Amino acid sequence: MALYGYRCSHCGYEADSLIRDDELFCISCHVSLKRDYRFNVQPGFQEHFNTSTGRYVSNRSEFNDQLRRASDAHTEYTGIEHNFKPVDPYDHAAFGLSDDDVADGRETFNRAITDGKVTPQELTNVT
Ligand SMILES: [Zn+2]
């Protein structure tokens, strides 16, 4: 789902809309906002076999439900409180990684490719 940005050409006020040709007005100048060519892409949920839950998931609520059940099962089995949450793989901070950690990782991968220890194809085949 795309999110369209609109901007006031007088004061720079910005607003977002889900509608591409929405007619929005500036809250202070009351003039029509112009569409700004910035947008965020919010990926939709794709049906897939989820390796974390070991089941097929067709929507987000089903996935959250499966994670809740997996959390309960692991809590019961281990006696340690579990609370599995979906994470954005690009949200490095969620994994406790800093920007420097990510840069170091890229450097290590690039060096492995340069040194011929691994091919780019081998890297993309890692699942
Ligand atoms: Zn304005």
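Every read-out reported here was derived from the displayed coordinates using simple, explicitly stated rules and does not represent laboratory data. These numbers were taken from a predicted model, which means no experiment stands behind them. Quick reminder, even Gly has a Cβ in these numbers, built from the backbone with ideal geometry, and neighbours come from all protein chains shown.
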- Note to self, the chain gives a 222 nm [θ] from helices alone (DSSP H runs n ≥ 4, -39500 (n - 2.57) apiece, / all residues, nearest 500) of -10000 deg cm²/dmol
- Task: Give, as a single signed number, the net charge of other residues whose beta carbon lies under 15 Å from the beta carbon of HIS48, with Lys and Arg counted +1 and Asp and Glu -1.
- Result: 0
- Query: Any idea what angle helix 99-114 forms with the longest principal axis of the chain, computed on alpha-carbon atoms, 0 to 90 degrees, nearest 10?
  - Reply: 60 degrees
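Sort the following peptides by mean Cβ neighbour count (other Cβ atoms within 10 Å, averaged over residues), highest first: 68-74, 100-106.
Values: 68-74: 13.9, 100-106: 11.1.
So the order, starting with the most tightly packed, is 68-74, 100-106.
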